[in-house]
Amino acid sequence: MSRRLGNLTNQGQILVIGGGAAGFFGAITAADCGARVTILEAGRAPLGKVRISGGGRCNVTHHCFEVALFSQNYPRGGKALRGALTRFGARDTVAWFESRGVRLKAEGDGRMFPVTDDSGTIVDCLLGTAREVGVILRTGCPVQGVKPLESGGFEVGLKSGEGLRCDRLLIATGSHPTGYRWAQTLGHQVIPPVPSLFTFNLKDPRLQGLAGLSVESVTVTLQTPGKTKFSQTGPILITHWGLSGPAILKLSAWGARVLQEHQYKLPLRINWLPEFNPETLRQHLLATKQATPKRKISNYCPVDLPKRLWQRFLTTVGIEEERIWTELTKAALNALVQELTGGEYHILGKGVFKEEFVTCGGIKLSEINFKTMESRCCPGLHFAGEILDIDGITGGFNFQNAWTTGWLAGQGLGNSQS
């Protein structure tokens, strides 16, 4: 099935492989510069990831307009993106959508969504804008292969047997393996992709039966054999399979490589009360013992933890349910402090984070000109989005990578035609 968004033939001077966020943004930007552009999308419907992201609301970007701070949210690629974000960053994304009638709002954690809370608003905006600037969209159009032509430009072979020629080419296939293969045949190195942004599978009696409990501020640290320390602080959620929540997802992103190298089996140290260190917590609990000597320890939790989790830790260190504070022994106190500030758990595997499909790895960034997203190995070839070795933490950063690199690629492609 082919769907036309303009009156141009499908033999456009620029071909874009991939009808996702980066592909569309690149195509629109290039067409806005006056170029003839065709998007080739293998699926029946474009922008699928945009539509389902953010629970169907689409986390468009993050409310942070300081480039230096924004770029710190990319475990890989942040340094390369710093210059790129000064040319098209989060503020530009907000302005771009608002100029096309889509207002965005910021939530308390900085995530930005359309005010409609409907990802369809973003999809419709991109489709409508593409139509207005004359982009041709061909869906159900999988690409078989790509090869450069001696006379310049590229030939793109479709699985249907059709061959298309173009002057310049943008590959924006996300983490699909075919995009990596084409990049390699065109001279690029690909950093092996591995999952990023995932939950942790654990089986631990301290967490069993507590699914659904959350703690607003927890520090989680991977206990790795090497010198590099991976640690994150933030909300955490106990699940039926282990642990999730922003702190876990961020830790999985920063530690994606080391976790993969150890088959997702590493010790995890948890400080459930990062506002305390062991000594200050010990003093706080001793003060509680003095102030409330006759109260049951299990009924009076003097720290910011769910009551059931507090009671579980008491059971773990052997403090009986009927014990009162004045009966808290030094040994039990020390064991409780250790459990709360440095309990060790064991990751048994990775789960999934259904709203994100992010990989660590991709095309080596030193092989890309970040002013135009053009290949340094193959003239006329551009890349954008997740196919690059760039990945962000959850919160709108991965979509911003798509908008930023797509815009730069579109500018490079469009201006080359003038």
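The values are calculated or read from the model by the stated rules, or taken from the named source; none is laboratory data. Bear in mind the structure is a predicted one, so any value in this text is a computation, not a measurement. Heads up, the Cβs are rebuilt from the backbone with ideal geometry, glycines too, and the neighbour counts pull from every protein chain shown. Quick note on the areas: whole protein, heavy atoms, side chains included, nothing else; ligands and nucleic acids left out. Shrake-Rupley method; radii C 1.70, N 1.55, O 1.52, S 1.80 Å.
Laid out as a table, the results:
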| quantity | calculated |
| --- | --- |
| Residue within segment 314-329 that is among the aromatic types (F, W, Y), at pLDDT 95 or above, closer than 29 Å to L222 by Cβ and crowded, with 19+ Cβ neighbours inside 10 Å present | no |
| Pair list, Cβ under 7 Å, 6 or more apart: segment 98-116 residue in a loop (DSSP other than H, G, I, E, B), other residue of a type in the set (V, I, T) and exposed (fewer than 12 other Cβ atoms within 10 Å of the Cβ) | R103/V115 |
| Options G226, G209; residue that is exposed (fewer than 14 other Cβ atoms within 10 Å of the Cβ), modelled with pLDDT under 95, more than 20 Å from the chain's Cα centre (by Cα) and farther than 25 Å from E386 by Cβ | G226 |
| The listed residue being open to solvent by 30 Å² or more (accessible area, probe 1.4 Å), modelled with pLDDT of 95 or more and not basic (K, R), out of T93, T61, T86 | T86 |
| All positions within segment 251-286 that are more than 21 Å from L309 (Cβ to Cβ) and assigned to a helix (DSSP H, G or I) | S252, A253, W254, A256, R257, V258, L259, Q260, E261, E279, Q283, L286 |
| Residue in segment 143-156 that is touching a Leu at 6+ places or on another chain (Cβ under 9 Å) and under 22 Å from N398 (Cα atoms) present | no |
| Residue that is in contact (Cβ under 8 Å) with a residue 12 or more places away in the chain, assigned to a helix (DSSP H, G or I) and of a type in the set (S, T, Y), where the choices are T315, T326 | T326 |
| Residue in segment 10-21 that is modelled with pLDDT under 95 and crowded, with 22+ Cβ neighbours inside 10 Å present | yes |
| Residue that is touching a Ser or Thr at 6+ places or on another chain (Cβ under 9 Å), surrounded by 13 or more Cβ atoms within 10 Å (Cβ to Cβ) and basic (K, R), where the choices are R168, R103, R131 | R168 |
| Residue count for segment 394-411, restricted to those that are in contact with a Ser or Thr (Cβ under 6 Å, 6 or more places away or on another chain), open to solvent by less than 10 Å² (accessible area, probe 1.4 Å) and not in a loop (DSSP other than H, G, I, E, B) | 3 |
| Output for segment 367-393, where each listed residue is surrounded by fewer than 24 Cβ atoms within 10 Å (Cβ to Cβ) and closer than 30 Å to A247 by Cα | D389 |
